[in-house]
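The values are calculated or read from the model by the stated rules, or taken from the named source; none is laboratory data. Bear in mind the structure is a predicted one, so any value in this text is a computation, not a measurement. Cβ coordinates were reconstructed from backbone atoms using ideal geometry, including for glycine residues, and neighbour counts include every protein chain displayed.
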Amino acid sequence: MDILISFSNQFFKPILSLGGPPVMFIVLTLLALIMKVKFTRALEGGMKLAIALTGMGTVIGILTGAFAPALQGFVKSTGIQLSITDVGWAPLATITWGSTYTLYFLMLLVILNIVMLAMNKTNTLDVDIFDVWHLSVVGLLVMYYSNNNLFLASFLVLFIGILKFINSDLMKPTFNELLNMPESNPTTTTHLNFMFNPIAMLLNKLFDIFLPFIDKYDFDAATLNKKIGFWGSKFAIGCYLGVLVGILGQQEIKSIFNLAFTGGVCLELFSFMGSWFIAAVEPLSQGITNFMSKKFAGRQFNIGIDWPFLASRAEIWAAANVLAPIMLIEALILPGNGVLPLGGIIAMGMTPSLLVVTRGKMMRMIIIGALMLPVFLLAGTVIAEFATKTALAVGAFPPGLAETQMITHSTLEGPVEKFIAIAVGKFGGNMTIENAIKMVSSLVVYLGLFLWYAKQMKKRNIEIKAKKQN
């Protein structure tokens, strides 16, 4: 194994030195060509991804550069140390894809998916290649804390990967119900943000037992979004954020206006650039789908893609709009938090999961979300050192920031998995009884909660099927 990784590093080192966007341009284009995608389509996907990464880095540089003086003033006047810069998800993706281990973890997950399909342990063919970086972060965290213990990193990636593929099958009937899709529609997802479902389900069950009356006060998300209008738009939220940071930093009126408009344009551009990431991987996803269909001819699959096929449900955006100011308040008062939400202020790492678990009940989505946001903020805080050092090591540190500045993503998908990765990694680095107990207990609780959740989803799926038959 060491020989394989050593060879990979030697082979990829000259390429990695080019930086994140060129690396992803080369990797995505070559993978698409291997899957027999037409050259122009493969090239298009690679170029779109490189442009999206470059654009996202530029926007982040503008945002963080503009906000830095106000944040420094805020720290000076209040003593509250929210000194970790929230750069959003794209730089973390760049950092992760800049590691040769990500390709190794991708290989493991592709093999795992094929084996589970062949053994009929899942019906989902995962073509969401780009988002493997979420699970790669977990593996890289293990290696960071364990002095590069690849065995433990591989174990945890495969362990969570198995549960992800199972979860994609469990969620399929709920997706059909939420989007009014026919059963013949193959769309599902293996995205890591839905591994938050078990915790959300546990809280949802507590609502069933102790607060069932809360549903009487539920409201229609589409109506809320319509009433909010532009007040809940991305650019408006960015303006609010700029005003808040300016006031907290005791800036002059002119600076507050500049921060407001800078925040507005940056959050709007975050959304625009994010759509390019999805479009960039479409040629590769289609190539993989065609390839696997030939290998398993005659069998019907679910196709695992990125989560935004759920974006038509208004509840996702309504909940995110309501949770944004709540997250800002929680960030200011949460003990142990070091992140002021910027790039992750729209909590897309959580609201899709809340939609699936609650089946669109807005009051539950908002309350559960507010209760769980601290988990994301604390996870973003604890991985900051890893994210910063890894970014510097692979040459993917965001431009416009001092190299002494720590970076993270406040609502990065899989916060619980990050804590588990740290526990596993610390055991690998120091195999004491205490660390062994922490690792084993975290894995047992995680698996036990998932098995309970799976049982609840199977019951739900039986009910959905019976409802359709009637």
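Got at least one residue in segment 412-431 being out of contact with any helix residue (DSSP H, G or I) (no Cβ under 8 Å at 6 or more places or on another chain) and either at pLDDT 95 or above or not hydroxyl-bearing (S, T, Y) (or both)? Break it down into steps so the answer makes sense when it comes.
In the first step, residues of segment 412-431 are kept if they are out of contact with any helix residue (DSSP H, G or I) (no Cβ under 8 Å at 6 or more places or on another chain); the result is 430-431.
With the extra rule that they be either at pLDDT 95 or above or not hydroxyl-bearing (S, T, Y) (or both), the set shrinks to 430-431.
There is at least one residue in segment 412-431 that is out of contact with any helix residue (DSSP H, G or I) (no Cβ under 8 Å at 6 or more places or on another chain) and either at pLDDT 95 or above or not hydroxyl-bearing (S, T, Y) (or both).
Would you confirm whether any residue within segment 112-131 is over 22 Å from the mean Cα position of the chain (by Cα) and among the basic types (K, R)? Even if it seems obvious, please write down each step before you answer.
If we filter segment 112-131 for residues that are over 22 Å from the mean Cα position of the chain (by Cα), which is where we start, we get 114-123.
This time we only want the ones that are among the basic types (K, R), so: 121.
Yes, because at least one residue in segment 112-131 is over 22 Å from the mean Cα position of the chain (by Cα) and among the basic types (K, R).
Scanning segment 245-254 for residues that are surrounded by fewer than 18 Cβ atoms within 10 Å (Cβ to Cβ) and part of a helix (DSSP H, G or I) turns up I247, I253, K254.
Within segment 181-197, the residues that satisfy the criterion of being touching an Asp or Glu at 6+ places or on another chain (Cβ under 8 Å) and under 13 Å from N123 (Cα atoms) are T188, T189, T190.
Going by what's in this entry, would A436 be described as outside any loop (DSSP other than H, G, I, E, B), touching a helix residue (DSSP H, G or I) at 6+ places or on another chain (Cβ under 7 Å) and free of Cβ contacts under 8 Å to residues at least 12 places away in the same chain?
Details: outside any loop (DSSP other than H, G, I, E, B): yes; touching a helix residue (DSSP H, G or I) at 6+ places or on another chain (Cβ under 7 Å): yes; free of Cβ contacts under 8 Å to residues at least 12 places away in the same chain: yes.
Judged against the criteria, A436 is a match.
Considering M365, M406, which residue is more than 25 Å from A93 (Cβ to Cβ), touching a Ser or Thr at 6+ places or on another chain (Cβ under 7 Å) and at pLDDT below 95?
On the way: M406 fails: more than 25 Å from A93 (Cβ to Cβ).
Being more than 25 Å from A93 (Cβ to Cβ), touching a Ser or Thr at 6+ places or on another chain (Cβ under 7 Å) and at pLDDT below 95 holds for just one of M365, M406, which is M365.
The residues in segment 32-63 that are more than 18 Å from A93 (Cα to Cα), modelled with pLDDT of 75 or more and surrounded by 21 or more Cβ atoms within 10 Å (Cβ to Cβ) can be counted, and the count is 3. Residues that are part of a loop (DSSP other than H, G, I, E, B) and either closer than 23 Å to F397 by Cβ or touching a Pro at 6+ places or on another chain (Cβ under 8 Å) (or both) within segment 95-145 comprise G98, S99, F130, D131, listed in sequence order. Please verify whether segment 387-408 includes one or more residues that are surrounded by fewer than 21 Cβ atoms within 10 Å (Cβ to Cβ), assigned to a helix (DSSP H, G or I) and touching a Gly at 6+ places or on another chain (Cβ under 6 Å). There is no residue in segment 387-408 that is surrounded by fewer than 21 Cβ atoms within 10 Å (Cβ to Cβ), assigned to a helix (DSSP H, G or I) and touching a Gly at 6+ places or on another chain (Cβ under 6 Å).
Scanning segment 174-195 for residues that are part of a strand (DSSP E or B) and crowded, with 19+ Cβ neighbours inside 10 Å turns up just one, T188.
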